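S.K.: Encoded as structure tokens, here's the structure I'll be asking about.
The values are calculated or read from the model by the stated rules, or taken from the named source; none is laboratory data. Please read all numbers here as calculations on a predicted model, not as lab measurements. Note that each Cβ is placed from the backbone with ideal geometry, even for glycine, and that neighbours are counted across all protein chains shown. The protein model used for the area step is the full one, side chains on, heavy atoms only, and it has no ligands, DNA or RNA in it. Shrake-Rupley method; radii C 1.70, N 1.55, O 1.52, S 1.80 Å.
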Amino acid sequence: MSTENVSSATNSTTSSGKSKNAAGEYLTFVLGEEQYGLEILKVQEIRGYDAVTQISNTPEFIKGVVNLRGKIVPIVDLRIKFHLGKVEYDEFTVVIILNLSGRVVGIVVDGVSDVMALKEEQIRDVPSLVSNIDTKYIVGLASVEEQMFILVDIEQLMSSQEMALMDSIAVH
């Protein structure tokens, strides 16, 4: 892959938040009633949800940590993070292990759907009328057949200020 392709692939949003160059492969997953997608290149593995070791004095959305082949990995429940109501763990609940710039973190989701290749013309900007969603973590909205997917900039979400304390959790 050329340097030009790498820079355009990693720069998936412009300064105005537009979904420019967001085309690529996405892992789609379910949270509550909504379908989401994140860049497949960020995914290290997908695992069933297991018990985690809780850490005191952490935000509610940080479920705790797991030992993944000798590495301590913080686990974030995106359902709690996105305020999606009652959280229930069942046989479909999975943890997506992500590798974000060398930092490993797990996210809990209701289920994983598919991997899909999206073309630029399938991705739209988030309408300005949508005010109850923090759009700085959203790359755009993808429309495939009759389904709508919210494309999340998982790197931006996990590197936000409130997530910075995960670094200190992973070190201990």
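S.K.: With all protein chains present, calculate the accessible area of residue 152 using a 1.4 Å probe and round the result to the nearest 10 Å².
M.R.: Residue 152 has an accessible surface of roughly 10 Å² with all protein chains in place.
S.K.: What accessible surface, in Å², does a 1.4 Å probe find on residue 150, ignoring ligands, DNA and RNA and rounding to the nearest 10?
M.R.: 20 Å²
S.K.: Compute, for residue 89, the solvent-accessible surface of its heavy atoms (probe 1.4 Å) with the complete set of protein chains present, and express it in square angstrom to the nearest 10.
M.R.: Rounded to the nearest 10, that gives 90 Å².
S.K.: Just how large is the dipole of the range 62-112 about the Cα centre, in debye to the nearest 20, putting +1 at every Lys and Arg Cβ and -1 at every Asp and Glu Cβ?
M.R.: For this selection, approximately 320 debye.
S.K.: Further, regarding this structure: Would you list 94, 109 from the most to the least accessible area, probe 1.4 Å?
M.R.: 94, 109
S.K.: Right, next: So how many Lys-Lys pairs in the range 33-152 land under 18 Å Cα to Cα, not counting same-chain pairs under 8 apart?
M.R.: Lysine pairs meeting both conditions in the range 33-152 amount to 5.
S.K.: Another question, then. What span do the alpha-carbon atoms of the range 25-140 cover on each of the three principal axes, reported in whole Å from largest to smallest?
M.R.: 42, 28, 28
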